[in-house]
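The values are calculated or read from the model by the stated rules, or taken from the named source; none is laboratory data. Keep in mind that this is a model prediction, so the values were computed, not measured. Glycine also receives a Cβ, built like all others from the backbone with ideal geometry; neighbour counts cover every protein chain displayed. When the accessible area is computed, the model is the full protein with side chains, heavy atoms only, and any ligands, DNA or RNA have been set aside. Shrake-Rupley method; radii C 1.70, N 1.55, O 1.52, S 1.80 Å.
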Amino acid sequence: MLVHAQDVRKRYGKVTVLDGANLAIEAGRVTAVIGANGAGKSTLIKCVVGLVAFDGKVTIDGVNVARRGKEARRRIGYVPQTPAFHGDLSVRETALFYARLKQAPRAAATALVEAAGLEEHAAKPVGALSGGMRQRLALGVALLGEPSVLILDEPAAGLDTHARLELRRLVAAQREAGLAILLSTHCLEDVPYVADDALVLDQGKTVYAGPAAGLASTGLDGSRLFLRLNGHSPEALDLLRGNPLAHDVQHSGEWVVVNCAARNKAQVVEALVAAGVSILDFRVEEAPVDAAVERLQSLQRGLS
Amino acid sequence: MNGVTTIATKELRDALRSRWLFAFAVTFAAVALLLSRVQADAGDVSAQGFNRTTAGLINLCLLLVPMLSLILGASAIAGERERGTMATLLAQPISPAELLVGKYVGLTVAVWGAIAMGFGSAGLLVALFAPLTDVEHYLLFVVLSAALASATLSIGMLVSVLADSRVKALGGAMLLWFVLVLLYDLGAIGLALALSSSGRTLLAVSLANPVESVRLLAVMSLERDLDVLGPLGAYLTERVGTGTSTLLLVGGVVIWTVAPLAVAVRRFGRQDA
């Protein structure tokens, strides 16, 4: 087990922000920590990296983070939620500085700049880079020194669709390379595509821990499609109501509203088009994480 | 290259890029030139050129070196926190102690460099107007200034670790500078004299302030007769002895260098990034 967290608790004064979280990530597996703002995702990640003091136990490849933090962090590549570098250092200097800290060869720093697609900006101060470029540099820095664990705190935050797809590819590539990956997100849509396992936190408490696919079966990663069809199209409504991938089909004004799992929305639309229904306009709303957590809790209450 | 060396090298490079150290060196050289010009105009060039310039530079050094060092030290950790770079740094395979010590070493070498440049250029300028006598006093004062920089940087680092923002750290540093450099003579020493004018009390009060300790060491190196120090001078000469006094004062500066840094390392290691 590359990452093992046992009963991790963190308090700030009298406020408990993390209440007994557990994690176990093997090589080549991805765990997503899911939760709304203030759920304790970043705190759990900071505990795993050893950036904050905590109760409980975290080991990275068997090395205790609290006792041998430096040795544990040699195995970790970490990208914070908002990557911050020394703005006056150039991209090249930044890569070299972190390569030295990680005792990685100089060539690795040069390769980092190339892999991040920042060769043209190598002489620029980091402060002059765009947010996306800084994110790529942070990912490159995290992968310096060939870590066995990659930790990404809200990597998808603020990314456009293209960048999010790029991020999914990167996570998949690192998983293929055998890294254990821990990432936090409040974007449920990404979870089935990037994660094998999920840990859902709400106000520091674990409300779900298990396979990411298990989350999809609860409909938590739901999407809501708003379709403007040509006329009322009762045939289309029948088609949608008969589609096992779609549920809660409603008609609202000129819009037809359909709920489905995030990963199935393309198939739902495809089925309509294949049946000759013309779609004049559409928009998609992803289920907000707090609503999903609420639903998960109510499902759990129903089960108990 | 280990963590301490990497951080120290970066800190040194940052310091060299900043305008503070350059301004410090230029100020020193300019004041030294002014002092030697004044002496030359007064027809007092021949005899004790370096000695007099050294004496003239003491007060300037006691003002500027602690100010520069306290400010640089206070910015070191609080600045990283404010920029958000602290978490990135501490997520690397480096311990908080290595980060702090690396920053201290880098800043210390940078300030030593500035002192050497300031005194070096000042020395060259003075040598144009005065014979090369008493150079050893001049060099000794360079060493004393470097020691004062080490101690006040250490205090500045502790302030930086304890403060929760850069503004508060800088405010704390300036307040400390005011107390250690300006208020101490009037306040602590005045109070000590009012309570007990014994040399022992005055020595204890002097040891409690690295600026005062360095001032005494500088005076002791320049003046054979310590009457200029009043009852403290008499106590140091007659009761303690010059050698023991020197050891005590040097020991005081060393403690002021090591102790705040040790406390800072301990506190920093327990703080959340």
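Suppose R0 equals 41 Å. What FRET efficiency, 1/(1 + (r/R0)^6) with r the Cβ-Cβ distance, do A:Glu26 and B:Asp164 give to the nearest 0.05? Working from the Cβ atoms, E equals 0.55. Here the dipole of the protein assembly as shown is about 840 debye; that uses its Cα centre as origin and unit charges on the Cβ of Lys and Arg (positive) and Asp and Glu (negative). Annotation: extensible slack from A:Lys57 through A:Glu235 equals 58.3 nm (criterion: 0.36 nm per residue apart, minus Cα-Cα distance).
Looking at chain A, the accessible area is 46 square angstrom per residue; that uses a 1.4 Å probe and ignores ligands, DNA and RNA. B:Thr246 to B:Leu63: FRET efficiency via 1/(1 + (r/R0)^6), r the Cβ-Cβ distance, R0 22 Å, to the nearest 0.05? In this case the efficiency is close to 0.40. For the range B:198-273, the Cβ-based charge dipole about the Cα centre amounts to some 360 debye (Lys, Arg positive; Asp, Glu negative; other atoms uncharged). Annotation: amide H of A:Ala24 within the under-5 Å range of A:Ala5, sequence separation 5 or more or interchain, hydrogens built in the peptide plane. With a 10 Å cut-off around each Cβ of B:91-101, the average count of Cβ atoms from other chains is 6. Scanning residues 5 or more positions from A:Gly117 or on other chains, none has an amide H under 5 Å from its amide H, with H placed 1.01 Å from N in the peptide plane. For the pair the range A:7-76 / the range A:241-260, the C-alpha centres are spaced 41 Å from each other.
The apolar share of the surface of the protein assembly as shown, taken as the fraction of accessible area on carbon and sulfur atoms (1.4 Å probe, ligands and nucleic acids excluded), comes to 58 percent.
The mean number of partner chain beta-carbon atoms within 10 angstrom of a residue's beta-carbon across peptide A:49-55 is 4. The residues of the range A:94-123 listed by number as losing at least 40 Å² of accessible area in the complex, against the isolated chain and with a 1.4 Å probe, are A:Phe97, A:Tyr98, A:Arg100, A:Leu101. Note on the protein assembly as shown: dipole from Cβ charges, positive end direction compared against B:Gly56, A:Gly131, B:Gly84; the farthest Cα belongs to B:Gly56. How far apart, in nm, are the 7 Å Cα→Cβ label points at A:Arg168 and A:Ser130? The two pseudo-label positions are separated by 2.1 nm. Peptide packing: for A:100-107, B:88-95, B:12-19, A:39-46, the average count of neighbouring Cβ atoms within 10 Å per residue gives the ranking A:39-46, B:88-95, A:100-107, B:12-19, highest mean first. By the compact-protein rule of thumb, 2.2 N^0.38 Å, the alpha-carbon radius of gyration of the range A:22-164 corresponds to a ratio of 1.07.
Rolling a 1.4 Å probe over the protein heavy atoms gives the range B:2-272 an accessible area of 43 Å² per residue. In angstrom, the C-alpha Rg and Dmax of chain B are 19.7, 62. Going from the isolated chain to the complete set of protein chains, the range B:250-273 loses at least 50 Å² of heavy-atom accessible area (1.4 Å probe) at B:Asp272.
Taking the empirical scaling 2.2 N^0.38 Å for compact globular proteins as reference, the range B:155-240 has a Cα radius of gyration ratio of 1.29. Lys-Lys pairs in the range A:33-163 that are eight or more residues apart or on separate chains and whose Cα atoms lie under 18 Å of each other come to 5. Give me the accessible area buried between chains B and A, both sides summed, with a 1.4 Å probe, in Å² rounded to the nearest 100. Heavy-atom accessible area buried at this interface is about 2300 Å². Across peptide A:67-75, the mean count of Cβ atoms from other chains lying within 10 Å of each residue's own Cβ comes to 3. Counting only residues at least eight positions apart within a chain, or on another chain, the aspartates and glutamates with an alpha carbon under 17 Å from that of A:Lys14 are A:Asp55, B:Asp272.
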